[in-house]
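Contents: one structure, followed by commentary.
The values are calculated or read from the model by the stated rules, or taken from the named source; none is laboratory data. Quantities reported herein were computed from a predicted structural model and do not represent experimental measurements. Reconstructed Cβ throughout: ideal geometry from the backbone, glycine too, with neighbour counts over all protein chains shown.
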Amino acid sequence: MRVTLPGQQGKSTCMIRIGNDGEKGDQGEVGKHGKVGPKGPRGNKGAMGDSGDQGMIGKIGPIGGKGDKGVKGLSGVSGGKGKAGTVCDCGRYRKVVGQLDINVARLKTSMKFVKNVIAGIRETDEKFYYIVQEEKSYKEAMTHCRIRGGMLAMPKDEATNALIADYISKSGLFRVFIGVNDMEKEGQFMYADNTPLQNYSNWKEGEPKDVSVHEDCVEMLSTGEWNDSECHLAIYFVCEFKKRK
């Protein structure tokens, strides 16, 4: 094939030969992997594989519910005949033993009271005074003193009041019940022997005020002052006993 090329002074002609196709070359090296294509559709379920080895035993589960009652078993062989018992009038003996128990309990209580009295007591020319260090309500305290032949302490003068106050303070106590109350008539305080307060009282400033409308009993503080208090409270108390002439 001829091809005319432009020159500087004229035209020149060039001939180009086009040969036949050459032989096919050898196969080149494998190229790099391309990007992962999109996920294909889910295939069919395969065949089940063989069972694996048994795993480790797990923790013990919670205790199950109580099962149904089982069938009753067969009766056992009958035992031998016992020896004949002795005849006993147990009712009479039980009554005697019961009374003895009551007497022993009373004796123990009395002994405890006597020991406590010996350990600490105050007195005037006419009476003994004893602080009972057992927490009781006002009515229980009155009963306790009466059973032992006394009454809740009734300070009817300054000297007696001071003696009891000193007794309370030196016993390390803060307050105790004394034999004064207005349980019969609100505002009209009486001694435990049903005599009215006449020439003496030692109320704390602002007392009695009966804030809760139930403060019908009286306690003495370690200072010797009186305060109206609720009767159901359980606190220590003072008994008084007349001296025998």
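Below are the figures for this structure:
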| read-out | value |
| --- | --- |
| Yes/no for GLU140 being of a type in the set (Asp, Glu) and either more than 28 Å from LYS108 (Cβ to Cβ) or surrounded by 18 or more Cβ atoms within 10 Å (Cβ to Cβ) (or both) | no |
| Search result, residues across region 180-204 that are closer than 17 Å to GLU158 by Cβ and not basic (Lys, Arg) | VAL180, TYR191, LEU197, GLN198, ASN199, TYR200, SER201, ASN202, TRP203 |
| All positions within region 166-180 that are on the phi < 0 side of the Ramachandran plot and either out of contact with any strand residue (DSSP E or B) (no Cβ under 7 Å at 6 or more places or on another chain) or small (Gly, Ala, Ser) (or both) | ASP166, SER169, LYS170, SER171, GLY179 |
| Total residues in region 68-96, condition surrounded by 10 or more Cβ atoms within 10 Å (Cβ to Cβ) and either modelled with pLDDT of 80 or more or of a type in the set (D, E, K, R) (or both) | 2 |
| First in region 122-138 and modelled with pLDDT of 95 or more, second anywhere and loosely packed, with under 15 Cβ neighbours inside 10 Å and aliphatic (A, V, I, L, M), Cβ under 8 Å, 6 or more apart | TYR129/ILE121; TYR130/ILE121; GLU135/ALA234; LYS136/ALA234; SER137/ALA234 |
| Matching option when the condition is among the aliphatic types (A, V, I, L, M), in contact with a strand residue (DSSP E or B) (Cβ under 6 Å, 6 or more places away or on another chain) and farther than 17 Å from VAL132 by Cβ, among MET190, MET183, MET220, MET154 | MET190 |
| Any hit, region 194-208, residues being among the hydrophobic types (A, V, I, L, M, F, W, C) and free of Cβ contacts under 8 Å to residues at least 24 places away in the same chain | yes |
| Residue match in region 177-187 (condition: surrounded by fewer than 20 Cβ atoms within 10 Å (Cβ to Cβ) and at pLDDT 95 or above) | no |
| Residues being surrounded by 18 or more Cβ atoms within 10 Å (Cβ to Cβ), closer than 17 Å to LEU163 by Cβ and of a type outside the set (Asp, Glu) - total across region 223-245 | 7 |
| Meets criteria (modelled with pLDDT under 70, in a loop (DSSP other than H, G, I, E, B) and either of a type in the set (Gly, Ala, Ser) or under 54 Å from the mean Cα position of the chain (by Cα) (or both)) for GLY65 | no |
